[in-house]
Amino acid sequence: MTQTQVRPLESIDFQSMPSPAFVLDETRLRHNMEILEYVQQESGASIICALKGYSLWSSFPLMRPYLKGTTASSLWEAELGADTFGGEVHVYAAAYGDAEFPRILKLAHHISFNSFSQWQRFKPLLEASSRKVEAGIRINPEYSENKTPMYDPCVPFSRLGVTKTEFRFDLLEGISGLHFHTLSAKNSDTLERTLEAVERNFGHVLPQMKWVNFGGGHAITAEGYDVGRLIKVIRNFREKWGVDVILEPGEAIDWRTGWLVSSVLDTLHNGMDLAVLDVSISAHMPDALEMPYRPDILGGAEAGEKAHTYQLGGGTCLAGDVIGDYSFDKPLEMGQRLVFEDMIHYTMVKTTFFNGVKHPDIAILRENGTLEVVREFSYQDFKGRLS
Ligand SMILES: Cc1ncc(COP(=O)(O)O)c(C=O)c1O
């Protein structure tokens, strides 16, 4: 596998970057693309980008040679995939509305339905379509190793996917694929156990299928991920069932590819040292609250580990807009950059204009070393979101 060397952190001048700003490093993105390309070559699977996790379309020209296309969870994401990435457009949504479905049908190559009632509702439109669109059904294998209910599509009463008992063998005509998504930041051993559940519950359906979409949640580009096992598992599945395999990762696309650069606006004291930053966990890192997780800061450590501990807060008036307690070697200074690590996946796609605080710019650190600001937000963007 060719592996692009990622740009060393020490060579990056964060202090002179605009703040606040999301910064994507192209060398890191290419590094991930090369791993995904290797998986496709060795396993025979197709990999598409889940736009819900990563939609930074200015970077799509770099990604296009490596991936087959995109997967969307809505009409607007499907529009974005067709418009900015090209290749195949796959769509899965928990339910499609009558008004949006005809447009989805014009854009999509694969449409996965979440229920047999949705399939029955839209099947006549697929049959009448002049374009060849493949239809799939999302299944719920009722097996998940996700500990957080927020990210577990197999929780009791889950609306996501058809369970074995609800499956309608009699309505399969016209369905060419199965789709499941039950993983979240998991290794390939979890996928292997999940496939056992898929075979146990839906093995009788698989011989009729042309493709199976293994969803996202494969942490393929993370350190410690067992790529060899993934390749073996996919090859075995393809050979055993005679199906094409599709993976649609979000997080693995842009895992550790960039940062949220912030700066210190003020320091104060109330029982402990405090600092106010020009970013907000609520508006700019909402995924850290939802998951939840504590974002790492370059050069920062757990409270008390280094000489100077601060509670870092956002620049909004929300009392709970607290990023956490971090320690540093030296006292924080006004204007000093604090760089949050791994802030590209699910962060940028979820930001809001809450409180009207300045929205982070979007910048790309190109492979040739230049920093290009590809998007700046203005008062007009803030005003235009509402009416
Ligand atoms: C249906 C589906 N596919 C793919 C993904 C991407 O998952 P991840 O970003 O964990 O790889 C998700 C994430 O929620 C999903 O719901």
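Take the stretch 206-220 and flag every residue that is in contact (Cβ under 8 Å) with a residue 60 or more places away in the chain and over 21 Å from Glu251 (Cα atoms).
Correct list: Lys210, Trp211.
Any residue in the stretch 253-272 that is at pLDDT 95 or above, within 30 Å of Met209 (Cα to Cα), within 16 Å of the ligand (Cβ to nearest atom) and among the hydrophobic types (A, V, I, L, M, F, W, C)?
Yes, because at least one residue in the stretch 253-272 is at pLDDT 95 or above, within 30 Å of Met209 (Cα to Cα), within 16 Å of the ligand (Cβ to nearest atom) and among the hydrophobic types (A, V, I, L, M, F, W, C).
Look through the stretch 88-102, keep the residues that are of a type in the set (D, E, K, R) and surrounded by 13 or more Cβ atoms within 10 Å (Cβ to Cβ), and return whichever of them is farthest from Ser46 (Cα to Cα).
Glu100
Taking only the stretch 118-161 into account, find how many residues are more than 14 Å from the ligand (Cβ to nearest atom) and in contact (Cβ under 8 Å) with a residue 40 or more places away in the chain.
Within the stretch 118-161, residues that are more than 14 Å from the ligand (Cβ to nearest atom) and in contact (Cβ under 8 Å) with a residue 40 or more places away in the chain number 9.
Ala319 versus (1) within 16 Å of the ligand (Cβ to nearest atom); (2) in a loop (DSSP other than H, G, I, E, B): which is the lone unmet condition?
(1)
Name the single residue that is surrounded by the fewest Cβ atoms within 10 Å (Cβ to Cβ) among those in the stretch 279-335 being β-branched (Val, Ile, Thr) and within 18 Å of Leu260 (Cα to Cα).
Going through the qualifying residues, I end up with Val322.
Might you let me know whether the stretch 22-37 holds any residue that is closer than 25 Å to Gly314 by Cα and aromatic (Phe, Trp, Tyr)?
Yes: one or more hits.
Look at Val89 and say whether it is free of Cβ contacts under 8 Å to residues at least 60 places away in the same chain and outside the structural domain of Asp287 (by TED's automatic domain parsing). Break it down into steps so the answer makes sense when it comes.
Working: free of Cβ contacts under 8 Å to residues at least 60 places away in the same chain: yes; outside the structural domain of Asp287 (by TED's automatic domain parsing): yes.
When the stated conditions are applied, Val89 passes them.
Consider the stretch 258-299. How many of its residues are in a strand (DSSP E or B), more than 22 Å from Ala363 (Cα to Cα) and either in contact (Cβ under 8 Å) with a residue 40 or more places away in the chain or in contact with a strand residue (DSSP E or B) (Cβ under 9 Å, 6 or more places away or on another chain) (or both)?
Of the residues in that region, 7 qualify.
Would you be able to tell me the number of residues in the stretch 166-207 that are closer than 22 Å to Lys123 by Cβ, away from the ligand (no atom under 14 Å from the Cβ) and assigned to a loop (DSSP other than H, G, I, E, B)?
The number of residues fulfilling the criteria is 8.
Residue-by-condition table, conditions (1) among the aliphatic types (A, V, I, L, M); (2) out of contact with any strand residue (DSSP E or B) (no Cβ under 9 Å at 6 or more places or on another chain); (3) in contact (Cβ under 8 Å) with a residue 24 or more places away in the chain:
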| position | (1), (2), (3) |
| --- | --- |
| Thr4 | no, yes, yes |
| Phe14 | no, no, yes |
| Leu29 | yes, no, yes |
| Ser46 | no, no, yes |
| Ala50 | yes, no, yes |
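With the structure loaded, tell me whether Ile234 is closer than 30 Å to Lys68 by Cα and within 14 Å of the ligand (Cβ to nearest atom) or whether it fails that test.
When the stated conditions are applied, Ile234 does not pass them.
Within the stretch 24-36, can one find any residue that is touching a Gly at 6+ places or on another chain (Cβ under 9 Å), over 26 Å from His181 (Cβ atoms) and at pLDDT 95 or above?
Yes, because at least one residue in the stretch 24-36 is touching a Gly at 6+ places or on another chain (Cβ under 9 Å), over 26 Å from His181 (Cβ atoms) and at pLDDT 95 or above.
The values are calculated or read from the model by the stated rules, or taken from the named source; none is laboratory data. Just so it is clear, the model here is predicted, and its values are computed rather than measured. For neighbour counting, all protein chains shown are included, and Cβ atoms are generated from backbone atoms with ideal geometry for every residue, glycine included.
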